[in-house]
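These notes concern the structure reproduced below.
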Amino acid sequence: MRILIIEDQTDLARHVRRALARADHDVLLAADGAAGLEAVREHRFDLVILDLNLPGLDGMEVIRRMSPADSRPRVLMLTSRSEIGDRVAGLTAGADDYLTKPFAMEELVARVEALGRRVLPGVDDSVLKVGGMVLDVLRRRLIRQGEKIDLSPREFELLQILMREPGRIFSRGELIERIWSRAHAYESKTVEIFIMRLRRKLDLPSRPSPIETVRGIGYRLAVAESDGNPASPTDGNQPTTAP
């Protein structure tokens, strides 16, 4: 992919560029928002990695001034842990994902690869197929094992997030921010309730719900290798079936 990094921390930007170059991406750098916006307008990029806390023209304004969402590159925001409100506002403004600083370079590369699967030629972003489930984003329809399953708007959004990156663990906080545009600790129970409802609808006699809980961390969509998708990653946290 062709990627633009808009980041004023020079050392960090160079480290990210090296990591992405090793993953065979074509990467350019911009040191501030104005230069980054100019580069986006003059060149074609598949993805922009954008720091929100930029001097002069900040990251939020860069997102607002980009071309309409149907023609602009995907945006991965970089924020500090204290910028919860900015993360919510950025996602609302049109960013596709976020990563909090400090972050592991391996995670950043994984997020980039996941976003890249949505922009590569031949990839249909409107129909998601994972583990025997087919989610039609435009028609807002779910088919599992040939059966249509009715979902509420929140259930649909939750499943869509999980299906776009099968195997990735999503924290309760991130799901709250993405779906409810809030990030309060007491609302984590809301996520648990919707996960429980969604599991009930996805459960089939011969095939239980693929949504797993990774205790103390969050949730992921686990897909067996027999489904033709990567198996969920192994880690030191064993998934449980309770929310």
Item to check | Every residue from the range 62-84 that is modelled with pLDDT of 70 or more and either over 14 Å from Arg111 (Cβ atoms) or part of a helix (DSSP H, G or I) (or both) | outcome: Val62, Ile63, Arg64, Arg65, Met66, Arg72, Pro73, Ser80
Checklist outcome for this item: Within the range 2-61, the count of residues that are in a loop (DSSP other than H, G, I, E, B) and touching a residue at least 60 places away in the same chain (Cβ under 8 Å) comes to 4
Item to check | Candidates Glu212, Glu174, Glu225, Glu157, filtered to the one that is under 18 Å from the mean Cα position of the chain (by Cα) and modelled with pLDDT under 85 | outcome: Glu174
Checklist entry - Any residue at all in the range 20-29 that is more than 17 Å from Glu106 (Cα to Cα), buried (at least 21 other Cβ atoms within 10 Å of the Cβ) and either out of contact with any Lys or Arg (no Cβ under 9 Å at 6 or more places or on another chain) or modelled with pLDDT of 95 or more (or both)? => result no
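The values are calculated or read from the model by the stated rules, or taken from the named source; none is laboratory data. The model shown is predicted, which means the values in this text are computed figures rather than measured ones. Cβ coordinates were reconstructed from backbone atoms using ideal geometry, including for glycine residues, and neighbour counts include every protein chain displayed.
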